[in-house]
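The structure under discussion appears below in the form of structure tokens.
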Amino acid sequence: MLNNLEEDKLKLKEILNKVVEESLVFFGELDSLPAAKINDTLNYDTHLPIEGTGTIHVLERFLSIHAKQLSGSAGPRYLGFVTGGATPASIAGDWLVSVFDQNVTSIEDSAAGLLELETISMLRELFKLPSSFSGTFVSGATMANFVGLAQARQWAAHKHGIDISQQGMYHLPPVKVISGAPHSSIYKALSMLGMGRKNLHLIPCLPDREAVDIEKLRNFLEENKHTPCIVVANAGTVNTVDYDDLETIGQLQQDYSFWLHIDAAFGGFAACSEQFQHLVKGMESADSITIDAHKWLNVPYDSAMQFTKHQNLQVEVFQNNAAYLGNAIEHPEFVHLTPENSRRFRALPVWFTLHAYGRLGCKQIVERNVEMAQAFTKKITQSSHFKLLAPTRLNVVCFTVVHKDEGVASFEEIKQFLDKLTEDGRVFMTPTIYHGTPAIRAAFSNWRTSAADVNIIWEALCNVYNRI
Ligand SMILES: *Cc1c(COP(=O)(O)O)cnc(C)c1O
């Protein structure tokens with residue numbers, strides 16, 4: 001008797017065809033699937049089987065039980081966090097990543113690494129970055145922030161005459177890291193880097209903004225003139241998509257010595273549109289930049305880019321020297337550039353989508369999402385049920401619920417409202433607190449979202465409002 005693995009090898013065509021068929025069913029239903037699911041338990045057998053059942057059975061089991069508990073986050077009305085969908089081209093590319101199963105550590109055995117370099121070069125064009133930036137794919141913006149800040153740390157330590165990668169941080173005075181409205185992942189990166197979450201010094205933002213007050217930033221740099229500082233500038237905050245004045249921050253580098261890391265996880269995509277590119281003016285003055293691909297580029301998880309002007313420092317931190325892996329300094333292969341050694345062929349879905357839709361495709365996704373965010377904003381501002389908390393600068397609408405007696409909702413009430421909205425199933429949104437006010441964020445980042453969806457979203461919100 002054949003075992004399941006051998007049998008599956010013979011049945012590969014049947015298996016893959018069934019996956020295609022079932023994927024088409026999924027995509028056909030995606031518009032009407034619940035945007036999110038609240039699951040408290042997984043009520044099925046979770047034991048490791050002895051022999052297994054072969055793929056066809058597993059597929060049937062997954063689809064009939066488990067898939068029904070998954071969110072419709074790939075669909076048009078999942079507005080939680082900043083969640084991109086996946087373009088057809090990127091799905092094709094992503095499937096082939098598994099088919100070809102390359103380990104992109106170097107360019108010695110395969111052209112996969114060259115394709116990654118080609119993809120990075122196209123992305124540089126998309127974001128209008130000069131060729132002085134090199135880039136690598138990592139799993140997400142959190143990792144890109146980690147890699148950028150690891151280089152920043154290495155740079156700062158060199159200023160103190162220390163090579164952290166060799167000596168560790170034992171003799172290093174605390175490095176000053178400053179930012180206006182940093183993403184939570186910056187704190188996480190500082191924790192991973194041994195620099196400490198508490199050592200992030202917040203510089204006040206401008207009134208009613210999430211953009212750093214440049215004068216206060218300048219004052220801090222002046223006061224700390226003799227210490228190497230790391231400035232984390234934000235290009236697109238998650239609440240209100242606000243941007244630091246990158247151009248002016250860049251100019252401060254003439255007077256002060258600091259490392260400039262820009263977190264442009266999704267805000268970097270402003271560069272794709274003539275309408276919005278002014279927001280990222282000056283991005284090229286960064287030493288390191290973070291941009292996510294699984295958000296606004298609409299490729300499947302997990303994928304982001306880390307750009308840097310200092311590949312040498314990156315190699316110092318991440319080199320993985322072993323006799324069989326080649327010399328890191330002379331030949332900086334991917335294995336010497338990121339936390340991972342073995343790496344997925346992450347560039348391929350991006351390469352597919354960039355070749356399939358070009359610069360115009362990226363611009364269209366961005367502009368369409370912003371248009372939808374504006375249409376939704378209009379409905380919010382015209383209603384007495386809700387209140388807009390900040391101008392909608394790009395693709396995120398930040399608003400709150402107004403009670404019938406005109407008071408605004410508490411955080412608990414916002415959460416209850418959102419739970420009811422999730423139960424309704426037509427749309428998913430996530431809570432936040434904006435300048436002390438409990439609020440809701442609606443982030444438009446999926447290429448599928450249309451004007452008709454905005455109407456459905458609005459209906460769902462009003463229905464839930466009338467039920468509370
Ligand atoms: C989403 C986001 C991150 C973290 O990204 P992941 O891809 O989830 O790791 C970091 N910074 C900003 C501004 C973000 O929007």
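Each value in this text was obtained by applying a stated rule to the coordinates, not by laboratory testing. Model, not experiment: these values are computed from the prediction. Here the Cβ is made from the backbone with ideal geometry for all residues, glycine too, and neighbour counts use every protein chain on show.
List of remarks:
- Pairwise inverse Cα distances across the chain, averaged and inverted, put the Kirkwood hydrodynamic radius at 24.0 Å.
- Within the stretch 125-160, the trypsin sites (Lys or Arg not before Pro) that combine a DSSP coil assignment with at most 15 other C-beta atoms in a 10 angstrom radius are Lys128.
- Per the Debye calculation on the stretch 91-353 with a single equal scatterer at every Cα and no solvent contribution, log₁₀ I(q)/I(0) for q = 0.14 Å⁻¹ amounts to -0.94.
- Exposed loop positions in the chain were taken to be GluC sites (Glu not before Pro) whose DSSP state is not H, G, I, E or B and which have at most 12 other beta-carbon atoms within 10 angstrom. Between these positions, the longest stretch is 109-273.
- When chymotrypsin sites (Phe, Trp or Tyr not before Pro) are flagged only if DSSP places them in a loop and at most 12 other Cβ atoms lie within 10 Å, the longest unflagged stretch of the chain comes out as 171-468.
- When the C-alpha to C-alpha distance is required to be over 29 Å, the pairs from Lys188/Lys281; Lys128/Lys387; Lys37/Lys198 that qualify are Lys128/Lys387; Lys37/Lys198.
- 3J(HN,Hα) couplings calculated from phi for the stretch 58-69 with the Karplus curve 6.51 cos²θ - 1.76 cosθ + 1.60 (θ = phi - 60°) are, in sequence order, 4, 4, 4, 5, 4, 5, 7, 10, 6, 4, 5, 9 Hz; Gly and Pro show x.
- Within straight-line reach of Lys159, meaning a Cα separation under 16 Å, sit the following aspartates and glutamates at least 8 residues removed in sequence or on another chain: Asp287, Glu316.
- Note: relative contact order over the stretch 91-353, using C-alpha pairs below 8 Å and six or more positions apart, is 29 percent.
- Close amide-amide hydrogen proximity is noted between Val408 and His403, each under 5 Å apart and 5 or more residues distant or on a separate chain (H modeled in the peptide plane; Pro and chain starts excluded).
- Sites matching trypsin sites (Lys or Arg not before Pro) across the stretch 414-468 that sit in DSSP coil, with at most 14 neighbouring C-beta atoms within 10 Å: none
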